[in-house]
Amino acid sequence: MHALVIGYGSIGARHARLLSALGFSTAVVSARTIDFPIVFDNLMEALSTHRPDYVVIANSTQQHYDTLLRMAACGYAGLALVEKPLFDYVRPIPNSCFSRLLVAYNLRWHPALQRLRASIAGQTVLSAQAYVGQYLPDWRPQTDYRQSYSASAARGGGVLRDLSHELDYLGWILGPWKSVAAIGGHFSPLLIDSDDLYAILLQYERCPAVTLQMSYLDRAAQRRVVVNTVDHTYELDFVRGTLACDGALEQIFVERDHTYREMHRAVLNSDFSDFCSEGDGVQILELIAAIERANERKEWVTR
C-alpha cells in the first residue's frame, strides 16, 4: 500500500516512521524542509504522483476540515485517517468518495483498555472516574510550548481537544453520553490562550455517574480510569501500565509506539472493528461543544 502523511510535526513524524516500518511506501506533505525520503510541498501533486491508498491527516486541528475538502476536490477515493479530534468544532462531513473516514484515537488499541472494555461488557456499571494530565511545557521538550498549537485556541488547542482520548474511550466502553456539567477554562500562569483545565461530570447510557478531569498542569504525567460495577472495581493506569481488578494488580505495559502501530496494522489487515468512525468523531465534537456550553452557562446540558 502507498501511504501519505499530511503534516510533519511530532505526531506526523511518528506516523510516517511507523508506516514505513510496516512496509507502506510512505510519502509526506510538508511546507518545511524535512529529512524524509519522499516529500511533497503540494497536496495535489502528492495525491496525483504518489497515488496513496491511505492518507493520514496529521496537521493542526484547525486545518483538518480544509484538508479533507481539498482531498475530496482532488477526487481522492482511498482511506482517510484524521488525527484526533476530527475537527476543531462541529462541522458537516465533507462530501467525498473516500472509502472510509476514520479518527485516530489510538488508545483503543491499548491492550489494558481492551481488556477493561471486555471485562465490563456484561456487567452493570455504577460509576467511573477518569483523570488525565501532563504539564504542557514538558510535552515537546525541544520546542517552545507557547508556539505549539496546544497553546492556541484558534488552532484547535486546549485540553478538551488535545486530551479528547478520554472522551472517546469513555464512550467506547460506556455507550453514548446523555448529559454533562462542567467547570473549565484557563486557570494557570501558563502563557497560552487555550483551556488548561476541565472538571467534568457526565451521565452515559451504561453509567449514571462519571467524573473526568483533564489538565495541562500535572508535573508528573497521569492517565488513569477507575470503574465500579455491581461485582468488581477495576483500575487502569496507562502511565504505569497496570490493570487491577479488586486490587489484584496485573502489569500490562506497552511501549509508546504500540497503539499507533497496531492501529496502522489494522488498516493493513482491513480490520476496522475498533476504529473511531466519522460518526463517532462527530459525536465527540458534539460532546466537546456541550461541555463548553455547560461551563459557560453553569448548567447541565442534555443530549
Considering region 263-303 alone, what residues qualify as being of a type outside the set (K, R), closer than 30 Å to M1 by Cβ and over 15 Å from the mean Cα position of the chain (by Cα)?
A266, V267, L268, N269, S270, D271, F272, S273
Mind checking whether some residue in region 140-159 is within 25 Å of A220 (Cβ to Cβ), not small (G, A, S) and not assigned by TED's automatic domain parsing to the domain that holds I183?
no
Would a scan of region 248-257 turn up a residue that is among the small types (G, A, S), in the same structural domain as C207 (by TED's automatic domain parsing) and in contact with a strand residue (DSSP E or B) (Cβ under 9 Å, 6 or more places away or on another chain)?
no
In region 145-239, which strands (runs of 3 or more DSSP E) lie fully inside it and hold 3 or more residues that are among the hydrophobic types (A, V, I, L, M, F, W, C)?
177-185, 197-204, 207-215, 222-229
So I288 clears everything in (1) closer than 18 Å to N106 by Cβ; (2) surrounded by 13 or more Cβ atoms within 10 Å (Cβ to Cβ); (3) not polar (S, T, N, Q) except one condition, right? Which one?
(1)
Which residues, taken from region 155-176, are of a type in the set (G, A, S) and closer than 17 Å to M214 by Cβ?
G156, G157, G158, S164, G171
Quickly run through region 100-122 and pick out the residues that are over 21 Å from the mean Cα position of the chain (by Cα), surrounded by fewer than 15 Cβ atoms within 10 Å (Cβ to Cβ) and at pLDDT 95 or above.
A121
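The values are calculated or read from the model by the stated rules, or taken from the named source; none is laboratory data. Predicted model, so just to flag it, every value in this text is computed and none were measured. Every residue, glycine among them, receives a Cβ derived from its backbone with ideal geometry; neighbour counts consider all protein chains shown.
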